[in-house]
Amino acid sequence: TNFNGAANITGVRNAILEVLNNGRITFLNNINASGVDFDSHTNISNNFVRVNTSAMNPTLNTSANITLYNVTVDNPAIYVDPEEDGTYTRCPASKCFIIANIQSGDLPNVTFNVTGFSSYKILNESNISIIPLYPMKDQNATFLVNTSPDGIMSVNFTVISPAGVKVLNNVSGS
């Protein structure tokens, strides 16, 4: 969006921020772009988007559709850093969800909806399998974790006895 040419800078409709080859943000509500420094407080890069709304007008902390181009994971899932402390967790469907995962050239473009802003990453959906599914007493259990280099690198688990007693608590393996 050309904010300099906006008829009403305090109520811009259908505003779009885009970084070619990386992605775009389409705001779903009117935003106040008056005095906002998008270049300093917005980051749209490889599998990642952040809008630092605390440094800008609060109207930017609104619903938006985000499309990230050339996503480099096979099974995309949206992760969020709600505290802006570098700790990402799977974003709940009530706050963000994937709208489309469309192949465009060699890599897909992923579009997802968010209810407000923070830092978001697209990572590979990780899944864990336990073999055997219901291990018996004194039987070894194998945990298989499907990850990617940008996904989960370790697994924390708790072992509970049939009586409901914790045998091992929050053991970390990698």
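Residues that are at pLDDT 70 or above, open to solvent by 40 Å² or more (accessible area, probe 1.4 Å) and under 30 Å from ARG13 (Cα atoms) are absent from region 127-142.
Going through region 36-61 one residue at a time, which ones are modelled with pLDDT under 90 and open to solvent by 40 Å² or more (accessible area, probe 1.4 Å)? Scanning region 36-61 gives SER54, ALA55, PRO58, THR59.
The set of residues in region 23-64 being under 27 Å from GLY105 (Cα atoms) and out of contact with any Phe, Trp or Tyr (no Cβ under 6 Å at 6 or more places or on another chain) consists of ARG24, ILE25, THR26, PHE27, THR42, ASN43, ILE44, SER45, ASN46, ASN47, PHE48, ARG50. Selection within region 91-109: residues that are in a strand (DSSP E or B) and under 11 Å from the mean Cα position of the chain (by Cα). The member of this set that is farthest from PRO58 (Cα to Cα) is ILE98. For region 63-109, the set of residues classified as among the hydrophobic types (A, V, I, L, M, F, W, C) and exposed (fewer than 15 other Cβ atoms within 10 Å of the Cβ) consists of ALA93, PHE97, ILE99, ALA100, ILE102, LEU107, listed by residue number. Within region 16-31, the residues that satisfy the criterion of being touching a helix residue (DSSP H, G or I) at 6+ places or on another chain (Cβ under 8 Å) and buried (at least 17 other Cβ atoms within 10 Å of the Cβ) are LEU17, PHE27, ILE31.
The values are calculated or read from the model by the stated rules, or taken from the named source; none is laboratory data. Quantities reported herein were computed from a predicted structural model and do not represent experimental measurements. Here Cβ is always computed from backbone atoms with ideal geometry, including for glycine, and neighbour counts include all displayed protein chains. To get the accessible areas, we keep the full protein, side chains included, count just its heavy atoms, and leave off ligands, DNA and RNA. Shrake-Rupley method; radii C 1.70, N 1.55, O 1.52, S 1.80 Å.
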